[in-house]
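The structure appears below as structure tokens.
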Amino acid sequence: MRDKETYRSPLATRYATAEMVENFTDLRRARVFRDLWIALARAERELGLPITEDQIAALEAARDRIDLEEVARLEAKLRHDVMAHVHHFGDVAGPDAARILHLGATSCFVADNADLVLYRRGMDLLLDRLYALVDALRDFAVRFADVPTLAYTHFQPAQLTTVGKRACLWLQDLVFDFERLDALRRDLPFRGAKGTTGTQASYLALFDGDHEKVRALDRMIAERMGFSRTIPVCGQTYTRKIDTWIVATLADIAGSVAKMASDVRLLSHEREVEEPFGRHQVGSSAMAYKRNPMRCERICGLARFVHSLGTSPRETHANQWLERTLDDSANRRLVLTEAFLATDAILNLAVDVASGLEVHPAVVEAHVRAELPFMITENVLMAATKAGGNRQELHERIRRHSMASVERMKREGVACDLLDRLRSDPDLGPHVDANVLDPARYVGRAPEQVREFDAEVVAPLLSSHEARRGRFVSKLRV
């Protein structure tokens with residue numbers, strides 16, 4: 001059937017990057033299977049089993065001779081995916097090599113270990129994207145560290161902050177996510193060679209009861225596949241708790257980026273900060289004037305999907321009866337891969353947005369000026385109290401002046417007159433000085449916080465992972 005007549009996931013065809021899609025293809029998985037079989041055979045030979053160098057050489061020579069259609073034909077006949085790969089690899093490697101292929105192993109030797117290889121590579125790709133996102137937001141935060149803007153609680157004007165300080169709220173979450181994902185990737189254990197139900201009985205039989213050789217086999221295969229450790233004990237599979245860690249971490253990343261995207265959507269309504277908009281981009285098929293935050297909306301939609309996947313790994317882990325049950329297989333094929341692809345798509349979008357965020361200073365300043373009379377009241381209250389006034393009584397008078405001013409603004413549509421009301425108050429007026437409307441007086445330590453956070457947290461993080469710089473540049477397909 002032609003591709004256009006076959007359903008394919010939008011994650012693969014529209015949203016995720018080509019690198020992440022390739023990581024989870026059947027071809028990539030088949031190659032990892034073969035790498036595992038070669039590593040097993042070589043380790044078994046080095047530990048004394050009667051396996052020849054010619055047999056291993058034959059496996060290595062056939063490593064890339066993969067016919068997925070033949071694998072599918074064999075699977076339809078055998079009703080077993082791993083055995084289909086065993087037979088196909090043996091056929092192309094030759095009968096002598098086929099004799100020692102998969103020796104002592106169970107399906108989970110290749111399936112579970114291959115999953116861990118693919119997941120670790122997926123984490124590497126996500127770390128590249130997170131690095132690029134943190135780097136772009138860091139530049140944005142530093143550039144706008146001193147630009148006053150309205151801060152909101154309950155999406156109501158509260159006090160002033162700066163544009164750069166707000167970006168640091170996004171950055172801090174992403175730094176936490178980077179550190180957690182990096183630690184998970186670094187500490188990810190290998191299943192190794194554990195046998196049918198995790199007892200290593202088959203390997204113990206092969207090595208005539210030599211426990212140390214069985215332990216060495218486990219370590220040697222892990223090292224050849226680039227892992228520093230294996231799971232000490234397992235049933236037939238590696239514990240599915242690891243899958244819960246992986247998907248939870250991806251969901252956390254999705255949530256952090258969705259928080260940023262949601263904020264940009266709100267700010268774009270205010271026309272203060274907007275995601276990049278292409279020269280020929282169409283915002284609406286009907287309303288030609290529209291400039292919709294479609295990238296940020298897509299981020300939020302994809303994040304919702306990743307969050308919805310979070311319950312499956314926990315259910316799967318909880319329902320793995322005794323040493324193993326197969327109800328994990330179909331679920332994991334969907335959930336883990338889709339979680340990686342969707343998180344990849346989210347970060348691809350986020351890097352594009354963060355690298356091209358547009359700030360409109362005149363609009364930001366106009367909104368600050370409109371609300372600034374309310375913003376100054378806390379400083380006026382502090383000064384009046386320090387001069388000997390009763391804090392609670394002064395607070396109540398400011399509240400009354402503020403509510404009266406707001407009521408007039410709403411009823412008559414006029415500008416805020418709070419400043420005049422404060423100046424005319426005998427106890428508050430003396431503390432409303434000539435420079436009271438300088439926004440920089442009300443941002444607190446926001447500019448300093450940006451620079452300190454960059455110097456003490458963000459810059460060291462980026463420096464310690466400098467090898468990731470430039471590995472990823474956003475590549476949006478739509």
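Being of a type in the set (A, V, I, L, M) and in contact with a strand residue (DSSP E or B) (Cβ under 8 Å, 6 or more places away or on another chain) is the filter here; which residues of the range 323-371 pass it?
Keep residues of the range 323-371 that are of a type in the set (A, V, I, L, M), which gives 326, 330, 334-336, 339, 341-342, 345-347, 349-351, 353-354, 357, 359, 362-364, 366, 368, 370.
Correct list: L357, V359, V364, V368.
It is to be established whether one or more residues within the range 362-381 are in contact with an Asp or Glu (Cβ under 6 Å, 6 or more places away or on another chain) and either in contact (Cβ under 8 Å) with a residue 60 or more places away in the chain or surrounded by fewer than 18 Cβ atoms within 10 Å (Cβ to Cβ) (or both). So that I can check it myself, show each step before the final result.
Keep residues of the range 362-381 that are in contact with an Asp or Glu (Cβ under 6 Å, 6 or more places away or on another chain), which gives 363-364.
Within this subset, residues satisfying the condition of being either in contact (Cβ under 8 Å) with a residue 60 or more places away in the chain or surrounded by fewer than 18 Cβ atoms within 10 Å (Cβ to Cβ) (or both) are 363-364.
Yes, some residue in the range 362-381 is in contact with an Asp or Glu (Cβ under 6 Å, 6 or more places away or on another chain) and either in contact (Cβ under 8 Å) with a residue 60 or more places away in the chain or surrounded by fewer than 18 Cβ atoms within 10 Å (Cβ to Cβ) (or both).
Being among the aliphatic types (A, V, I, L, M), in a helix (DSSP H, G or I) and in contact (Cβ under 8 Å) with a residue 60 or more places away in the chain is the filter here; which residues of the range 409-466 pass it?
If the condition is that a residue be among the aliphatic types (A, V, I, L, M), in a helix (DSSP H, G or I) and in contact (Cβ under 8 Å) with a residue 60 or more places away in the chain, then A440, A446, V450, V457, V458, A459, L461, L462 are the ones that fit.
Test of understanding: among D182, D208, which residue is in a helix (DSSP H, G or I) and not hydrophobic (A, V, I, L, M, F, W, C)?
Numbers: D208 fails: in a helix (DSSP H, G or I).
One residue alone meets the criteria, D182.
Checking the structure you have, find out if any residue of the range 19-32 is surrounded by fewer than 18 Cβ atoms within 10 Å (Cβ to Cβ) and more than 30 Å from R471 (Cβ to Cβ).
Checking the range 19-32: not a single residue is surrounded by fewer than 18 Cβ atoms within 10 Å (Cβ to Cβ) and more than 30 Å from R471 (Cβ to Cβ).
From the residues in the range 296-312 that are crowded, with 17+ Cβ neighbours inside 10 Å and at pLDDT below 95, which one is nearest to S329 (Cα to Cα)?
By that ranking, first place goes to S312.
Can you tell which of D128, D112 is more than 18 Å from Q172 (Cβ to Cβ), among the acidic types (D, E) and more than 17 Å from the chain's Cα centre (by Cα)? First the steps, then the outcome.
Working: D128 fails: more than 17 Å from the chain's Cα centre (by Cα).
Testing whether each residue is more than 18 Å from Q172 (Cβ to Cβ), among the acidic types (D, E) and more than 17 Å from the chain's Cα centre (by Cα) leaves just D112.
Considering only the range 181-188, I want to know if a residue exists there that is surrounded by 23 or more Cβ atoms within 10 Å (Cβ to Cβ) and over 16 Å from the mean Cα position of the chain (by Cα). Quick ask: steps written out before the conclusion?
Taking the range 181-188 and keeping what is surrounded by 23 or more Cβ atoms within 10 Å (Cβ to Cβ), we get none.
Checking the range 181-188: not a single residue is surrounded by 23 or more Cβ atoms within 10 Å (Cβ to Cβ) and over 16 Å from the mean Cα position of the chain (by Cα).
Output the number of residues of the range 407-421 satisfying the condition of being closer than 10 Å to F374 by Cα and aliphatic (A, V, I, L, M).
2
Go through the range 220-241 and give me each residue that's in a helix (DSSP H, G or I) and surrounded by fewer than 18 Cβ atoms within 10 Å (Cβ to Cβ).
Looking only at the range 220-241, we keep the residues that are in a helix (DSSP H, G or I), and these are 220-224, 241.
E223, R224, K241, listed by residue number.
Does C168 qualify as being touching a residue at least 12 places away in the same chain (Cβ under 8 Å), in a loop (DSSP other than H, G, I, E, B) and crowded, with 16+ Cβ neighbours inside 10 Å?
Details: touching a residue at least 12 places away in the same chain (Cβ under 8 Å): yes; in a loop (DSSP other than H, G, I, E, B): no; crowded, with 16+ Cβ neighbours inside 10 Å: yes.
Considered against the rule, which asks whether it is touching a residue at least 12 places away in the same chain (Cβ under 8 Å), in a loop (DSSP other than H, G, I, E, B) and crowded, with 16+ Cβ neighbours inside 10 Å, C168 comes out as no.
Would you confirm, using the coordinates I've provided, whether T161 is crowded, with 22+ Cβ neighbours inside 10 Å, among the β-branched types (V, I, T) and under 16 Å from S268 (Cα atoms)? Give the derivation first.
Values: crowded, with 22+ Cβ neighbours inside 10 Å: yes; among the β-branched types (V, I, T): yes; under 16 Å from S268 (Cα atoms): no.
Here the answer is no, as T161 does not meet what is asked.
Taking T199 as the residue in question, decide whether it is over 28 Å from L130 (Cα atoms) and polar (S, T, N, Q). Full working, then the answer.
On the way: over 28 Å from L130 (Cα atoms): yes; polar (S, T, N, Q): yes.
Yes: the conditions hold for T199.
Within the group V82, V110, V86, V71, which residue is buried (at least 23 other Cβ atoms within 10 Å of the Cβ) and within 29 Å of I231 (Cβ to Cβ)? Quick ask: steps written out before the conclusion?
Numbers: V82 fails: buried (at least 23 other Cβ atoms within 10 Å of the Cβ); V86 fails: buried (at least 23 other Cβ atoms within 10 Å of the Cβ); V71 fails: buried (at least 23 other Cβ atoms within 10 Å of the Cβ).
Of V82, V110, V86, V71, the one residue that is buried (at least 23 other Cβ atoms within 10 Å of the Cβ) and within 29 Å of I231 (Cβ to Cβ) is V110.
Return the residue satisfying two criteria in turn: it lies in the range 356-380 and is under 23 Å from R400 (Cα atoms), among the hydrophobic types (A, V, I, L, M, F, W, C) and in a helix (DSSP H, G or I), and of such residues it is nearest to the chain's Cα centre (by Cα).
Among residues in the range 356-380 that are under 23 Å from R400 (Cα atoms), among the hydrophobic types (A, V, I, L, M, F, W, C) and in a helix (DSSP H, G or I), the one nearest to the chain's Cα centre (by Cα) is V368.
Does A193 satisfy the criteria of being touching a residue at least 60 places away in the same chain (Cβ under 8 Å), small (G, A, S) and not in a loop (DSSP other than H, G, I, E, B)? So that I can check it myself, show each step before the final result.
Details: touching a residue at least 60 places away in the same chain (Cβ under 8 Å): yes; small (G, A, S): yes; not in a loop (DSSP other than H, G, I, E, B): no.
No.
Within the range 386-429, which residues are hydroxyl-bearing (S, T, Y) and more than 48 Å from the chain's Cα centre (by Cα)? Give the steps one after another, and end with the answer.
Going residue by residue through the range 386-429, those that are hydroxyl-bearing (S, T, Y) are 402, 405, 424.
Selection gives S424 alone.
Among all residue pairs at least 6 apart or on different chains, which show Cβ distances below 7 Å where the first residue, located in the range 389-405, is assigned by TED's automatic domain parsing to the domain that holds S424 and the second is assigned to a helix (DSSP H, G or I) and among the aromatic types (F, W, Y)?
S402/F374
Here is a yes/no grid of residues against (1) buried (at least 19 other Cβ atoms within 10 Å of the Cβ); (2) out of contact with any Cys (no Cβ under 6 Å at 6 or more places or on another chain); (3) of a type outside the set (A, V, I, L, M, F, W, C):
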| site | (1), (2), (3) |
| --- | --- |
| S9 | no, yes, yes |
| L49 | no, yes, no |
| D54 | no, yes, yes |
| A57 | no, yes, no |
| A62 | yes, yes, no |
| L78 | no, yes, no |
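The values are calculated or read from the model by the stated rules, or taken from the named source; none is laboratory data. Bear in mind the structure is a predicted one, so any value in this text is a computation, not a measurement. Note: ideal-geometry Cβ built from the backbone for every residue, glycine included; neighbour counts use all protein chains shown.
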